[in-house]
Structures are given as C-alpha cells and as structure tokens.
Amino acid sequence: MKLGSWTVKFFSLALSAALFLSSPLYSASKKKKSKSSHVTDTYTGEEAVKLPSSKRTYFYKIDPEVLQNVEFGSADSLRKAMQLLHKTEGNYEENELVLIEIATKIMKTVWPSQLITWDPAEPQTENSYLGAIESSERGIFDSSTEKNDFLSTLLPALVIMSPSVSVSSYDLCINACNEAFAFNKDSVLAHYLLGTTYLKKKDYAKAAEEFRYVYANSNFTRENGIAYAKCLLHLNDIDTAEKVLADFTQPSNDIELLRLQAYAAFARKNYPAAEQYVARVLQQEPNDLQFVLFRAKILIAKKDYIRAVSLLDMYSRQNDTSIDYLLLRASVQLEWSKNTDMATQTVEKALQLYPENLDALMLAARISSETDSPVAGKYADELAAEILKKEPDNTEAMRYALSGLMQRENWNSAYSMAARLAALPNPSSDVIKSYVEVCLKLKKKSEAFDFAKKMQMQRPDDEEILQAYVYAYCENGNRDLVLKYINSLLDSSSAKMKSYLYYRRSFLQLTEDTILADLRSSLISNPRNSEALFRLYQVYYAKNDYRKAQYYLRQVVAIKPNDSSIRRLNEALTQLIK
C-alpha cells in the first residue's frame, strides 16, 4: 500500500518531535522554565526576590533586614535600619526615600526623646504610607490603606499619639495593631501603640502587659518607662514601678518622672520624699492644681492639718467640685475638726455629683458606721452594698456592711457577713469580736465559744481576742468556773484588760452592790471604758435615778461624740429630767 506525500511528511515530523522530547536539551529547557514559573507577568525576569506575588509589597526590593528593623520599630532598630540603608552617594530609590521618611516620622512621633542619627528624606510622589502618617498627625485614623503589609496596616494607628485623637479611634487603633501582629508579632512599635491605646482607655492591666513587652524586648526609653510605670502605679504594683523608675538617670528634672516618683513614694508611705518630689513639680508648674491637691493629701497623711487646710482653701477657689477635693475636705472635717455633720454634708455633695464613686461611697459608709446615722439617706450596710456590687471581695466594704447591720440589729444578715469575714485568712480582732457578738445575739452560743477559743489559742497575746473569748465563756460556761477564770486573769492583766474583766464580771454578780463595785473597779483601771460607763447608766436608769444615769451617759457621749444613738438617749433623758 502506498502512502501519499503528505502522509510521509506527517510521520517524519512526528518522529522528529518524539526524538526531541526525549532529548537532554528538552529536559534542561523544561527545568529552566519551571524555575521561574511562579513569577507573575508584572515582575517577569526579576529573580532577586523569589516570593509569591501576594507577598510583594512596595518595599520588596529593599533589603529584608532593613525592613524588619523598621517594622520592629524600637529607637535602636530604626537607627540600625537607616544605617543599613545609608548610601554615601545619596542615590536612593523612591521607595527607599519613603521608608526613610516613615522611620523619621515614627521616631519623632513615638520616641521623641531619642536622637535621630540619619539625614531626612524628601519623597517626590504622593504615597499611601505617608498619607496615613499625615492623617494621623491631624488626629484622623486613615481607613483607606490597603493593609497589604505590616506598615500599611499599622501606620494609621499612629493617630493614638496625636493630642487631637478622638475616642472613636481607640478601637480602630486596637484592631490595626492586632492585624499588624499577623505580619509581625514581635514588633515593639505595635505593642507600644497598643499599650498607649489601652492606657488612654484606662485599661491599665492590658496596657501594662504591652509596655512590659516593650520594656523586656528593647532598650530603655523615656516614653515606655513613663507609660509602664504609670500603669504599674495604677495597678498598685509598687515594687515593679520602682524598678522601672530606677532606670531613669538620677537626679532628673523631668516633670513626668517627678510626678511618678511622688506617687510611688506616697504609696510607700514615704511622705517626706513624696513631699519633696511634689515641691519640685510645683517649682516648675506652680499652678498645677492636681499637685496642689496632692500636696494637701500628703500633709493630711502626715496629720499636718493646718497646712493641708490652707492648700484645700487655695484649691477650692479654683475648683470646689472635684471629687478628690471633696473627699480630702471631708477627711479633714472628720479626722481633725471632728465635725461629722460637716463631713456628712461634704460627702453627700460628692455623692450627688459622683453617685457611683467608690471612694465617696466608702467614706460615706465609714461616717454612717461611726455615727449610726444615714448618709445621703442610706446606712452603712446599704452604702457598702453599693460598693460590693462592683467589688464583691472588698473587705473594707464588708466590715462597714457588718457594722451597719449590727447597728440596725439585723442579726441574720449580720451573721452571714460576719461568717464571710471570719472565714478570710487571718481575720482582724474586731471581726472576731463582731462574729462572736452576732452569734451570741442569735443564741448560737456554742458556735461563738468554739470560734473564740480557737482564735484565742492561735493568738494568745491578742487582748481583743481574749475579750471575745471571755465574753463567749461568760455566756456559755458555768458561772463559778467563769468567775474563777476571770479572777485568775486579773492580777497579770494590763489596765485596759483588767477594766474589761471587771466590766464583764459585773454581769455574773448577784447583788447590786457587787455589780456597782465591779463597774467602779473597771473605771479605776480605765476611766474611759465606755462599756462600763454605759452599764452604770443602765443600772441607775433602771432604779429611776435619772441624774446619776445622765452623769454616766454624758461621759459616754464625750468619749463617742459621733454616735448618734448615744446622743439620742442623752437627749431623751434630758427631756425626762425636765
């Protein structure tokens, strides 16, 4: 069978193709082509950066080490990046000029205390990176950046450093920092901007964690040191705060540093040092009302009330509605002037202006506890309850709540609160006494005795606890055995304890003469024993000897001038005598 000429040509071409496909030349050509097959048309022929197109950014031609140092963003890493990028002849590409400008803006904005060691750049074209920085300088968060790399994602968050940043930008900054971490989780710059945002939101715990990262992973800077120490002081971590403050060059006239040193010294109750720091602040800024008030606070802590009142008067001429001023004024009225009526009025004004302020509620609860009177229409337990809603474990509030419940004889609720306080590690002696008293009021005599005995065995030298034990023993034990026990304690007891023992023994006596003899012995040991004086009032009142009753009751009033229940009894007795 003959084949046509075109058929012969076809088979000839096919044979040639098959031979070429099996040859080494074709294999080499195939390998060379596959080597660059991932390069897109845009960057065809560029073999220097072998990255997928999605990873290529405006700065992809720049040495990765330079870019990494800029992204890391510490003052030292920015200087290192600029050193690596430096060209003696000055022939920079446009993207290099942009990166130099970015580094310069970061240094000026974030680390202004640090020295810039490179020459500034002047990019010739508009650029989204620099546009984001320019917007941030005007207090605007630029949401138009494409977020295709670390810098385009993070740079809008520089707005948090602007004094004109709005609260509405805070969450945008947080999101920008967290998104930037997807590109570079180690960036000190991103952690610092995130910490600054949390600091502005007064979330001191989260802010401190970010500043701690910066502190641990870069060289010390004034900016991070100030911010980190400020958060630590708010969190009452005085030890760490002092370590950070010690990293500053001493001595220093840096006013922000002096402020923090004053707060740290005050927290340590080193009032002389705190006052010296405050004085140095006021030398530079004599009209700083915040520190005028802080100086008054230090003087109150030192019980230098005369000078403190002078400063409070000075402050009030500028601002008499500040919560800090009102609380300090009320403290002076309560502790120095002993004027509970004025203190009550001042605290009520504070609560009217700042109804949810915990410090105002706490001071109001204290005044109500001491006076057995309502403040702003509420008793100590009711005021303390407002605090406990927000701080359930606040032991000071719990103690005021217990005091208020006992004063109003709400024994069941008082029992729950006393039991809660008594269950805490190392309960105070006043809590132990209150728990014993509440148990006895509820006829839980065995519980009171067992608890008091346990506490007395743990702290045998604590006279307050011994009094609680004697009280529980008197209510729970055999009269003769109790008398024998009390008598065994009298000779070796202090005057104060001896006064209490005589007072408590008077309840075990069977005749009026022996009762009165014990009460008089109690007052000989301690003339200011208000319990013995009040018991004498009760004895004479029961005998209708109102004048003698008032004689002793007035002494109780003198010892407890703020106790409104005692004052009411005295006023009623005065009317009865008339």
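The values are calculated or read from the model by the stated rules, or taken from the named source; none is laboratory data. Just so you know, these numbers come straight off a predicted model, no measurement behind them. Here the Cβ is made from the backbone with ideal geometry for all residues, glycine too, and neighbour counts use every protein chain on show. The protein model used for the area step is the full one, side chains on, heavy atoms only, and it has no ligands, DNA or RNA in it. Shrake-Rupley method; radii C 1.70, N 1.55, O 1.52, S 1.80 Å.
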| task | May I ask you to verify whether Ser434 is over 34 Å from the mean Cα position of the chain (by Cα), among the small types (Gly, Ala, Ser) and either farther than 18 Å from Glu531 by Cα or in a helix (DSSP H, G or I) (or both)? | result | no
| request: Note down all Cβ pairs under 6 Å where the first residue falls in the range 95-111 and is closer than 9 Å to Met82 by Cβ and open to solvent by 10 Å² or more (accessible area, probe 1.4 Å), the second is part of a helix (DSSP H, G or I) and of a type in the set (Ser, Thr, Tyr), and they're at least six residues apart or on different chains. | output: none
| remark: Over the range 324-336, the set of residues open to solvent by 70 Å² or more (accessible area, probe 1.4 Å) and not hydrophobic (A, V, I, L, M, F, W, C) is Asp324
| task | Answer yes or no as to whether Glu409 is open to solvent by 50 Å² or more (accessible area, probe 1.4 Å) and more than 25 Å from Ser564 (Cβ to Cβ). | result | no
| said: Can you find a residue that is of a type in the set (Phe, Trp, Tyr) and open to solvent by 50 Å² or more (accessible area, probe 1.4 Å) anywhere in the range 552-574? | reply: no
| How do the helices (runs of 4 or more DSSP H) wholly within the range 482-543 filter down when requiring 2 or more residues that are open to solvent by 30 Å² or more (accessible area, probe 1.4 Å) and more than 20 Å from Lys560 (Cα to Cα): which remain? | 495-506, 512-525
| request: Note down all Cβ pairs under 7 Å where the first residue falls in the range 405-425 and is closer than 15 Å to Glu447 by Cα, the second is of a type in the set (S, T, N, Q), and they're at least six residues apart or on different chains. | output: Ala418/Ser434
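Listed here are the residues, each with its yes/no results for (1) of a type in the set (Phe, Trp, Tyr); (2) modelled with pLDDT under 95; (3) surrounded by fewer than 22 Cβ atoms within 10 Å (Cβ to Cβ); (4) touching a Ser or Thr at 6+ places or on another chain (Cβ under 6 Å).
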residue	(1), (2), (3), (4)
Leu194	no, no, no, no
Tyr198	yes, no, no, no
Ala207	no, no, no, no
Lys230	no, no, yes, no
Lys243	no, no, yes, no
Glu256	no, no, yes, no
Phe266	yes, no, yes, no
Val278	no, no, no, no
| message | Can you say whether Ala419 is at negative phi, open to solvent by less than 20 Å² (accessible area, probe 1.4 Å) and assigned to a helix (DSSP H, G or I), as far as the supplied structure shows? | response | no
| Residues in the range 130-152: is at least one open to solvent by less than 50 Å² (accessible area, probe 1.4 Å), hydroxyl-bearing (Ser, Thr, Tyr), in a loop (DSSP other than H, G, I, E, B) and modelled with pLDDT under 95? | yes
| field | Every pair of residues 6+ apart whose Cβ atoms lie under 6 Å, when the first sits in the range 429-452 and is farther than 14 Å from Ser416 by Cα while the second is part of a loop (DSSP other than H, G, I, E, B) | value | Ser429/Asp462
| field | Whichever residue in the range 374-395 is under 23 Å from Pro561 (Cα atoms) and outside any helix (DSSP H, G or I) and, among such residues, is least open to solvent (accessible area, probe 1.4 Å) | value | Val375
| query | Which helices (runs of 4 or more DSSP H) sit wholly inside the range 238-285 and have at least 1 residues that are free of Cβ contacts under 8 Å to residues at least 24 places away in the same chain and aromatic (Phe, Trp, Tyr)? | reply | 271-284
| said: For the range 347-370, give me each residue that is of a type in the set (A, V, I, L, M, F, W, C) and open to solvent by 30 Å² or more (accessible area, probe 1.4 Å). | reply: Leu353, Leu358
| query | Ser492 passes all but one of (1) at pLDDT below 95; (2) in contact with a helix residue (DSSP H, G or I) (Cβ under 8 Å, 6 or more places away or on another chain); (3) of a type in the set (S, T, N, Q); which number fails? | reply | (2)
| query | Picking from Thr321, Thr340, which residue would you name as being open to solvent by 30 Å² or more (accessible area, probe 1.4 Å) and of a type in the set (Ser, Thr, Tyr)? | reply | Thr321
| Within the range 156-181, can you find the residues that are small (Gly, Ala, Ser), surrounded by fewer than 20 Cβ atoms within 10 Å (Cβ to Cβ) and touching a Ser or Thr at 6+ places or on another chain (Cβ under 8 Å)? | Ser162
| task | Considering each residue of the range 461-481, count those that are open to solvent by 40 Å² or more (accessible area, probe 1.4 Å) and in a loop (DSSP other than H, G, I, E, B), and give that number. | result | 3
| Test result for Gln284, buried (at least 21 other Cβ atoms within 10 Å of the Cβ) and of a type in the set (S, T, N, Q) | no
| task | Would you check which residues across the range 294-314 are surrounded by fewer than 19 Cβ atoms within 10 Å (Cβ to Cβ) and not acidic (Asp, Glu) and list them? | result | Ala301, Lys302, Lys303, Tyr305, Ile306, Arg307, Ser310, Met314
| task | May I ask you to list pairs of residues, at least six apart or on different chains, whose Cβ atoms are under 6 Å apart, with the first in the range 193-219 being without any contact (Cβ under 8 Å) to a residue 24 or more places away in the chain and within 22 Å of Phe150 (Cβ to Cβ) and the second being surrounded by 19 or more Cβ atoms within 10 Å (Cβ to Cβ) and hydroxyl-bearing (Ser, Thr, Tyr)? | result | Lys206/Tyr198; Phe211/Tyr228
| When the range 182-192 is examined, which residues are found to be free of Cβ contacts under 8 Å to residues at least 60 places away in the same chain and either open to solvent by less than 70 Å² (accessible area, probe 1.4 Å) or not aliphatic (A, V, I, L, M) (or both)? | Lys185, His191
| message | Just to be sure I understand, how many residues within the range 309-363 are hydroxyl-bearing (Ser, Thr, Tyr) and within 22 Å of Glu382 (Cβ to Cβ)? | response | 5
| Does any residue of the range 75-89 turn out to be modelled with pLDDT of 95 or more, open to solvent by 20 Å² or more (accessible area, probe 1.4 Å), among the basic types (Lys, Arg) and on the phi < 0 side of the Ramachandran plot? | yes
